[in-house]
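**Student:** Let me begin by handing over the structure; questions about it come next.
Any read-out appearing in this document is the output of simple, stated calculations on the displayed coordinates, not a laboratory observation. It should be emphasised that the depicted structure is a prediction, and the values quoted were computed from it without experimental measurement. A quick note on method: Cβ atoms are made from the backbone with ideal geometry, for glycine too, and the neighbour counts reach across all protein chains shown.
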Amino acid sequence: MKPTSRLLALLALAVLPALNAGCATAGHDLYLFGAVNIQGRVAGSRDASLNGVYRRQADGSFQHIGINYPAMLTGSFDPRDPRVFYVATINGVLFTRDGGQTWRIGTSWDMTEPKDVRVDPNAPDTIYAALPDGLGVSTDRGLTWTRRENGLPARGKYTQVVTVDRTRVGRVLAGCETGIYLTEDAAQSWRAVHPTKETVNDLQQSPHDPKFWLAATQSAGVLASRDGGLTWAPVAGLATEKAHYNIAFDPTNPQRIAIGGWTYGLLTSEDGGATWTARNDGLPAKHRVWRTAIDPDNGHLYAAVVYDSLYVSADFGRTWQSAGLPNSRISGFAFVPKAQP
Amino acid sequence: MNRLPLFLLALAATVTLSAQPSFEAPPPPTAPVQDAGKRHDEYLKRVQEVLDWRAGRIDITQPEKHLDMAAIAVLLTRGEHYDVCSQRVIELMKDPGTGPFWMFPAVCVAYTGRDKLTPEAQKAIREAWRTTRQLRGDTENHWLMYYASLYLMAELYPNEPAETWYSGKSSAENLAESREYLVHWMDELTTSVGQGEYNPSHYIGEYAIPMLFMATWAKDPEMRIRGKMMLDWLFAELAANTLNGVLRGPNSRTDEGSAIERWNALSSYFSWLLFGNTPTPSGYGGWGVYFAPVAHNYQLPEVIYRIATDRSGDYLQRDRARTRRYWRYSDVLSPPVYKTNYLRRDYAVGSTQGIVNDAIQSHVWDVTWAEPDPRGKHNTMFSLHPHSSPKWMQSQFATYPEAMITAVTFEGKPSYDSPDKILGASPYEKVFQDLDTVIALYDIEPGERFEHINGFFSKDLVNVTEDSSGWIFAQGGRAYLAYRPLAPYHWIPYLHYNGGWAKEKLPLGGKLLVSPHLKNGTIVQAASVDEFADFAAFQAAIKALPLRFALDPVPTVTMQTLRGKQVTFTYGQTPVIDGQPLDYSKWKLFEGPYLNAEVGGRKMTITHGHLKRILDFNTLTITDQVTK
């Protein structure tokens, strides 16, 4: 891709939330990352089913693409070329440059079990990986990796999530065991912005207001920041006894937010986070929501119920229907702008 | 997580159908074979027995039913049925497994068949290493198998481009990464700060087999000698921790079956094969078959053999290891483990200081007595807090809190969340051992999943006597045992999870002492029957020893041991022996009459009598000495 084309693609990505707000477009491919038809498999046994990356088809079904890999967690796409994406797996960070036909394990033996991987949309050669013992960065599209942990604590840097601020290159928030950490220089240095006693499970930036962030935590409920992640405060009306796993903003409606988790299932707000409602009727009795997401094209709400199926709701959780993938554990959603012909 | 493959369980269920001479025969003599030539001949005979047994189970007319990779490796080693093996390899490679438990068997077939399999079969193996993603796993044995396998395959197929490997890396890149990890594991971890999976009852095979492959097949002479030295290192530790070939004492990882029937473990296969002093487990331990095709390439050093077979004198071995990685909720990535093992002719006592080495499978301490025939015998005594905690699981596994217990019970560790389990470590257990006295203290946090401790009382104990003094006396084999619960208790039958995916619990006999009190403790003392005129004299001696204990505010014991030591041990505090605090910081990597190594030294000195072998990973040299 020529530099001018890259610039246009970046611009398109930056304005995408605004385009989506209130006017659904059919502009995204949905990719899922996870394991399907989970059985009591053991290390070394044959895979009885396809796992790894799935892409939604026109009829709503999901087609497996790429490799059969049962331990893929999340993925992140290069905004310049959707055939280039990075996946956090038990082996490390895998990447493909041809839409999943061929893959390379980018990391080596010294980085394992990344929980999350993110491309900087404003500097897409730079990739961040959340590691159980810190944070890895690649500046060459995943080929080589180094640790950038200056400012993270020596211990307590288990990192579950890393999220890049889409408004500024090199500005990244990391959700760790001991709190939320911020870098503004592409991980050359970090500083703690909010301490927690246990792990921060998710960090999401509102597609409508880049200063508005939410953090799902293991034992501090859900935290909100209105200043771009510099300060955080608990969100009222949400329990803190058990973990919240992840958060989804609705790109089509700034008032709508969803939270998923094992214990509380699916929680939604339709007033920008002021009040919350459990939306588990219609989900399985064991509504263990491993991951939730909202389709930027139509506002459909997804709930991936672990060891069960993927569910979708067209009315923001009031009713649900199965979207397939039985006995699955979907760990990651990625809505990727469709490549223009 | 680590899981034993299903096919092994199926194998274990069927292996008893075939003749297994050394499994079915009377136990072998435990006295050492003095003649070196005879000793080696007997070793090779045992190797041949494994190959013959495995070959004997094969109906070559039904390769789809009978030819798995172990069978193929055995046939190739014996020089039989190359064409059938080749065809079967092609079939198997159409549907390969994923992960280290598939990788090293595939390596075994690739190397044993490199000049015997047809080009098409060899091509099929090579293709599987291009197309099938191999999981590296999340445990130390996974990684060692993974990288040893990848290393050897990258050497077998050098100079090939990235697109021909599942990793997307070239042969040279795979080789470099694998070598770097293997050297790191040897130099920076195992020979410097100890294994994370120390004294494993089963996983010893997952270390020994890849190291034998490395010692046999690596083209790089450095990696060959490293493999050979690691085999000596592993087997020296096995030798020093076995009682007539039976691995006892603390295990980084084991299972319910091996925790009570101490002989019934893959480690006993290696004792049988190398030391010849215990029966082999059924099916030669399953994985053990993969050692046999290349076992002729390893010769056990005599000094290790002597350590394994000499229990004429008592000895104390104090060693260091480390825990599995704590990803979170710990100030240290892999805290040190301090192991104490005291071995005598009739019994042995072993422990760690009480630490969660592995959240699921650790075994912390026991007294194990010698049995003339250990098969079917539950020859051990111990207590534990049945700990089950999502947060502790999170410390060692990169997962959400709620899911892990479900996953564990779903994926092969069904007892983890059971109140009557006899496997696992607890953060609320602290242990002190002096020779054959163990004090285990418990201070369980209120609100924990299980607020009691379990004491295992074997079906094979005799004369179990609940004395009015508070001591419980019993005899196991030729060992007298005294067990002192520090809080009230009751008895329940012991019900056994038969390991793996067992859904039902079996009444194998024996009982559990259940003490439903948060502040708790157990004292165990042991002695040989030869030391007392009779059982009553042993009981009288124990009861005469001064003993004071309290449970509040924290459990504390002050006592005189049967060996005359004055000890004070308070939960969470440094034990004091004869007025001297026990300084764990000075513990060496290995320290005892047989094995010695400094922390960070990368060098082990193995000694028995006038024999000495030094394994020096700094210089990659093996030095044998005979002192006058």
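**Student:** Fewest to most neighbouring Cβ within 10 Å: what's the order for A:VAL169, B:VAL107?
**Tutor:** A:VAL169, B:VAL107
**Student:** Right, next: When you count, for each residue, the other Cβ atoms within 10 Å and take the mean per peptide, how do B:300-311, B:45-56 rank with the highest first?
**Tutor:** Descending mean neighbour count gives B:300-311, B:45-56.
**Student:** Output ³J(HN,Hα) for segment B:50-63: one whole-Hz value per residue in order, computed from phi by the Karplus curve 6.51 cos²θ - 1.76 cosθ + 1.60 with θ = phi - 60°, and x for Gly and Pro.
**Tutor:** 5, 5, 5, 4, 5, 5, x, 8, 9, 9, 5, 7, 10, x
**Student:** Right, something else. Of all the C-alpha pairs in segment B:315-587, what % are more than 30 Å from each other?
**Tutor:** Looking at segment B:315-587, the distances longer than 30 Å represent 27 percent of pairs.
**Student:** Can you tell me the 0 to 90 degree angle between the C-alpha axis of helix B:535-544 and the longest principal axis of chain B, rounded to 10?
**Tutor:** The angle comes out at about 60 degrees.
**Student:** In terms of Cα to Cα distance under 17 Å, which lysines are near enough to B:LYS543, apart from those fewer than 8 places away along the same chain?
**Tutor:** Of all the lysines, those that pass the test against B:LYS543 - Cα under 17 Å, at least 8 places apart if same chain - are B:LYS565.
**Student:** Measure out, as a whole number of angstrom, how far apart the alpha-carbon centroids of segment B:541-569 and segment A:238-270 sit.
**Tutor:** After rounding, the separation between the Cα centres reads 55 Å.
**Student:** Cross-link candidates for B:LYS116: which lysines have Cα within less than 23 Å, leaving aside residues fewer than 8 places away along the same chain?
**Tutor:** B:LYS65, B:LYS94, B:LYS219
**Student:** Stick to Cα atoms and the Kirkwood definition of Rh, then tell me Rg/Rh for segment A:202-303.
**Tutor:** So for segment A:202-303, dividing Rg by the Kirkwood Rh gives 0.94.
**Student:** Can I ask one more? Check each of the trypsin sites (Lys or Arg not before Pro) in segment B:93-123 and keep only those in coil by DSSP with at most 14 other C-beta atoms within 10 angstrom; list them in order.
**Tutor:** B:LYS94, B:ARG114
**Student:** Further question: Do any trypsin sites (Lys or Arg not before Pro) in segment B:482-564 lie in a loop, going by DSSP, with at most 16 other beta-carbon atoms within 10 Å of their beta carbon, and if so which?
**Tutor:** In loop regions of segment B:482-564 (DSSP not H, G, I, E or B), the sparsely surrounded trypsin sites (Lys or Arg not before Pro) are B:LYS503, B:ARG563.
**Student:** Order these by the 10 Å Cβ neighbour count, fewest first: B:VAL599, B:VAL364.
**Tutor:** With the sparsest Cβ surroundings first, the list reads B:VAL599, B:VAL364.
**Student:** Which one, A:GLY299, A:LEU325, A:ALA339, is farthest towards the positive end of the dipole of segment A:282-341 when Lys and Arg carry +1 and Asp and Glu -1 on their Cβ?
**Tutor:** Farthest towards the positive end: A:LEU325.
**Student:** Counting only other chains, and only Cβ atoms inside 10 Å, what mean value do you get across the residues of A:105-118?
**Tutor:** Per residue, the number of nearby Cβ atoms from other chains is 4 on average.
**Student:** With +1 on each Lys and Arg Cβ and -1 on each Asp and Glu Cβ, and nothing else charged, work out how big the dipole of chain B is about its Cα centre, in Debye to the nearest 20.
**Tutor:** My answer is approximately 400 debye.
**Student:** Within 10 Å of each Cβ in peptide A:175-185, how many partner chain Cβ atoms are there on average? Round it to a whole number, please.
**Tutor:** Taking the mean over all residues of the peptide, I get 1.
**Student:** Another question about this same structure. Kindly provide the helix-only [θ] at 222 nm of chain B, computed as the sum of -39,500 (n - 2.57) over DSSP H runs of four or more divided by all residues, to the nearest 500 deg cm²/dmol?
**Tutor:** -9000 deg cm²/dmol
**Student:** Can you give the convex hull volume per residue for the Cα atoms of chain A, as a whole number of Å³?
**Tutor:** 128
**Student:** Arrange B:VAL554, B:VAL289, B:VAL408 by Cβ neighbour counts within 10 Å, fewest through most, would you?
**Tutor:** By the 10 Å Cβ count, ascending, the order reads B:VAL554, B:VAL408, B:VAL289.
**Student:** Using Cα pairs under 8 angstrom and six or more residues apart, how large is the relative contact order of segment B:315-587, in percent?
**Tutor:** Once divided by the residue count of segment B:315-587, the mean separation gives 16 percent.
**Student:** Can you list, bin by bin at 20 Å, the percent of alpha carbon pairs in chain B, starting at 0?
**Tutor:** 20, 54, 24, 2
**Student:** For chain B, what's the relative contact order in percent, using C-alpha pairs closer than 8 Å and at least 6 residues apart?
**Tutor:** Relative contact order here is 12 percent.
**Student:** Could you please report the charge total around B:HIS296, scoring K, R as +1 and D, E as -1 over all other residues with beta-carbon less than 12 angstrom from its beta-carbon?
**Tutor:** +1
**Student:** What list of ³J(HN,Hα) values in whole Hz, one per residue of segment A:273-282 in order, does the Karplus curve 6.51 cos²θ - 1.76 cosθ + 1.60 (θ = phi - 60°) give from phi, with Gly and Pro shown as x?
**Tutor:** Values per residue, Gly and Pro as x: x, 6, 9, 9, 9, 6, 10, 9, 5, x Hz.
**Student:** Normalise the Cα radius of gyration of segment B:66-157 by 2.2 N^0.38 Å (N = residues in it) and let me know the number.
**Tutor:** Rounded to two decimals, the normalised Rg is 1.02.
**Student:** Only loop residues by DSSP count here, and only those with at most 11 other Cβ atoms within 10 Å; note down the trypsin sites (Lys or Arg not before Pro) in segment A:254-341 that meet that.
**Tutor:** none
**Student:** Please report the Cα spread of the protein assembly as shown along all three principal axes, rounded to whole Å, starting with the longest.
**Tutor:** 93, 71, 48
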